[in-house]
Amino acid sequence: MSTFSTHNFANQKALIRVDFNVPIKNGVITDDTRIRGALPTIKKVLADGGCIILMSHWGRPLKDIEKKPHLTLADFSLKPVVAYLSNLLGTEVQFADDCISDDACNKAAALKPGQVLLLENLRYYKQEEKGDKDFAEKLSKLGDVYVNDAFGTAHRAHASTAVIAQFFPGDKKMFGLLMEGEVIAAEKVMHNNQKPFTAIIGGAKVSDKILIIEQLLDKATDIIIGGGMAYTFFKAEGGQIGNSLCEDDRLDMAIALLKKAADKSVCIHLPADSIIADKFAADANTSSALSNEVPTGWMGLDIGQMAIAQFRKVICESKTILWNGPMGVFEMEKFQHGTKAIAEAVVEATKNGAYSLVGGGDSVAAVNKFGLADKVSYVSTGGGAMLEYFEGKELPGIAAIKNN
Ligand code: AMP
């Protein structure tokens, strides 16, 4: 495996798999985070004197067109990215309106150092998601070096994210800078962590997080459980949870998890108290209660003051922190306080030398909402991919480059 930073791309054609699956409304890009995320990789190749062929998916054209016949492939085009990227780079970006056509091959072959070509949406072909080998081989012919910078799709064994790597020798395939950052952060937390290692797991459902918690029982010293999923544990232990979120079919599993944690000497921290509401609404009446004594007709929608103090202490004593999932319904102002306080505790621990990784879905949205994203060690952009990594799965996009 070669490293991107030390590779010299002079006079080479870098075929870069990026994740340009950005929100586009009426042809206008409404959030350019993913495009900006790929810029360091693109700029390094251009600065070396290489040229670039960019490939990405956008949406799910074939599946959506099947369900909504008024849509056409043109509704899923990557064309709006051309002018936007060109603006960001300050250089012309060429476009091929098919990713494996003669036109794409000719344009790729004619590229000169410093030039950039964007291919049309890979998912116009069903072969992409199927991981078709012939399709992957056709794509591979477009470049001399394969760079994967799309961590968001690293958990998919698609043609452009994994299968394609077999057509490049070991020194001609590598992670881009964005992907490399994600892999280093994930490995640091799961495999090279310093103890105490606290995992903060929140969100709605315990069933969504069970695989992660199971993995963490072998890695973490402390696991903080907040959000809606905590009430399944309280009910399993015989507590009164009123109308709080609960998965009644997971009560046995919750008890088994607590027992496993005790056997492995992992401390599980459940929120002592909760902010409770008389309905699931932004304008609900609120009060506070012990989390295992929620009155009938009320529901826990955030962690309370005691829980915040309890969790803060654990977080501030940690050397490694992984955070996935909010502590409450942080989208509503009345129930954002717990998630915000935990975000601030993670920031404080980071200032004091802890390594903190915020990964997967809503906790990322939360640190962004509170303006704290640049005050933790790493915020992952790869929602589903990062979750699967934490669940202990081998990601095809990583394996394809690392394992040969
Ligand atoms: P997840 O995608 O599983 O991480 O869940 C995130 C969602 O869980 C967010 O939309 C939160 O509003 C929601 N959530 C967090 N705490 C609670 C709670 N106590 N009751 C209901 N929903 C919650």
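The values are calculated or read from the model by the stated rules, or taken from the named source; none is laboratory data. Model, not experiment: these values are computed from the prediction. Using ideal geometry, Cβ is built from the backbone for each residue, glycine included, and neighbour counts are taken over all protein chains shown. Ligands, DNA and RNA are excluded from the accessible area calculation, which covers all protein heavy atoms including side chains. Shrake-Rupley method; radii C 1.70, N 1.55, O 1.52, S 1.80 Å.
Among the residues of region 228-237, how many are more than 9 Å from the ligand (Cβ to nearest atom) and either touching a helix residue (DSSP H, G or I) at 6+ places or on another chain (Cβ under 8 Å) or without any contact (Cβ under 8 Å) to a residue 40 or more places away in the chain (or both)? The number of residues fulfilling the criteria is 5.
Taking the criterion of being in a helix (DSSP H, G or I), over 24 Å from M306 (Cα atoms) and of a type in the set (A, V, I, L, M, F, W, C), would at least one residue in region 230-245 satisfy it? Looking through region 230-245, none of the residues is in a helix (DSSP H, G or I), over 24 Å from M306 (Cα atoms) and of a type in the set (A, V, I, L, M, F, W, C). Considering every residue within region 292-314, establish whether at least one is open to solvent by 30 Å² or more (accessible area, probe 1.4 Å), within 13 Å of the ligand (Cβ to nearest atom) and basic (K, R). Looking for residues that are open to solvent by 30 Å² or more (accessible area, probe 1.4 Å), within 13 Å of the ligand (Cβ to nearest atom) and basic (K, R), one finds none in region 292-314, hence no.
For region 267-291, the candidate set comprises residues that are out of contact with any strand residue (DSSP E or B) (no Cβ under 6 Å at 6 or more places or on another chain) and of a type in the set (D, E); within that set, the residue that is surrounded by the most Cβ atoms within 10 Å (Cβ to Cβ) is D278. Against the test of being within 24 Å of K195 (Cβ to Cβ) and touching a helix residue (DSSP H, G or I) at 6+ places or on another chain (Cβ under 7 Å), the options V347, V266 yield a single qualifying residue, V347. Among the residues making up region 153-185, those that are in a loop (DSSP other than H, G, I, E, B) and in contact with a Gly (Cβ under 8 Å, 6 or more places away or on another chain) are A154, H155, R156, A157, H158, A159, T161, A162.
Of all the numbered requirements in (1) part of a helix (DSSP H, G or I); (2) surrounded by fewer than 19 Cβ atoms within 10 Å (Cβ to Cβ), V346 misses one, and that requirement is (2). Of the residues making up region 333-340, none is open to solvent by less than 10 Å² (accessible area, probe 1.4 Å), more than 11 Å from the ligand (Cβ to nearest atom), farther than 20 Å from V206 by Cβ and not assigned by TED's automatic domain parsing to the domain that holds A38.
Answer yes or no: is there a residue in region 245-255 that is closer than 19 Å to S363 by Cα and open to solvent by 50 Å² or more (accessible area, probe 1.4 Å).
yes
Considering region 381-404, the residues that are in a loop (DSSP other than H, G, I, E, B) and touching a Phe, Trp or Tyr at 6+ places or on another chain (Cβ under 8 Å) include one that is farthest from A345 (Cα to Cα), namely L395.
Can you name every residue in region 27-45 that is assigned to a helix (DSSP H, G or I) and either surrounded by 16 or more Cβ atoms within 10 Å (Cβ to Cβ) or touching a helix residue (DSSP H, G or I) at 6+ places or on another chain (Cβ under 8 Å) (or both)? Talk me through it step by step, then tell me what you get.
From region 27-45, those assigned to a helix (DSSP H, G or I) are 33-45; that's our starting set.
Answer for region 27-45, where residues must be assigned to a helix (DSSP H, G or I) and either surrounded by 16 or more Cβ atoms within 10 Å (Cβ to Cβ) or touching a helix residue (DSSP H, G or I) at 6+ places or on another chain (Cβ under 8 Å) (or both): R34, I35, R36, G37, A38, L39, P40, T41, I42, K43, K44, V45.
Of all the criteria given as (1) more than 16 Å from the ligand (Cβ to nearest atom); (2) modelled with pLDDT under 95; (3) among the aromatic types (F, W, Y), the one not satisfied by Y355 is (2).
Taking the criterion of being free of Cβ contacts under 8 Å to residues at least 40 places away in the same chain and surrounded by fewer than 24 Cβ atoms within 10 Å (Cβ to Cβ), the residues of region 143-198 that qualify are F167, F168, P169, I184, E187, H191, N192.
Of everything in region 186-227 that's part of a strand (DSSP E or B) and not charged (D, E, K, R), which residue is nearest to the ligand (Cβ to nearest atom)?
Step one: of region 186-227, the residues part of a strand (DSSP E or B) are 197-201, 222-225.
Add one more test, that the residue is not charged (D, E, K, R), and what stays is 197-201, 223-225.
Numbers: F197: 20, T198: 17, A199: 14, I200: 11, I201: 9, I223: 15, I224: 13, I225: 11 Å.
Taking the candidates together, the pick is I201.
Would you confirm, using the coordinates I've provided, whether D48 is open to solvent by 10 Å² or more (accessible area, probe 1.4 Å) and under 22 Å from K79 (Cβ atoms)? In short, no. The residue pairs whose first member lies in region 127-139 and is closer than 9 Å to S160 by Cβ, whose second member is of a type in the set (D, E, K, R), and whose beta carbons are closer than 7 Å, counting only pairs six or more residues apart or on different chains, are F135/E128. Taken over region 59-112, the criterion of being of a type in the set (G, A, S) and in contact (Cβ under 8 Å) with a residue 40 or more places away in the chain is satisfied by G59, S77, A108.
Please determine whether any residue of region 316-324 is under 26 Å from the mean Cα position of the chain (by Cα), part of a strand (DSSP E or B) and without any contact (Cβ under 8 Å) to a residue 40 or more places away in the chain. Checked region 316-324: no residue is under 26 Å from the mean Cα position of the chain (by Cα), part of a strand (DSSP E or B) and without any contact (Cβ under 8 Å) to a residue 40 or more places away in the chain. The criterion of at least 1 residues that are closer than 28 Å to K219 by Cα and assigned by TED's automatic domain parsing to the domain that holds T221 is met, among strands (runs of 3 or more DSSP E) falling completely within region 263-312, by 267-269, 273-277, 299-303. What number of residues within region 5-21 are crowded, with 20+ Cβ neighbours inside 10 Å and either under 17 Å from the mean Cα position of the chain (by Cα) or over 19 Å from T91 (Cα atoms) (or both)? Residues meeting the conditions: 4.
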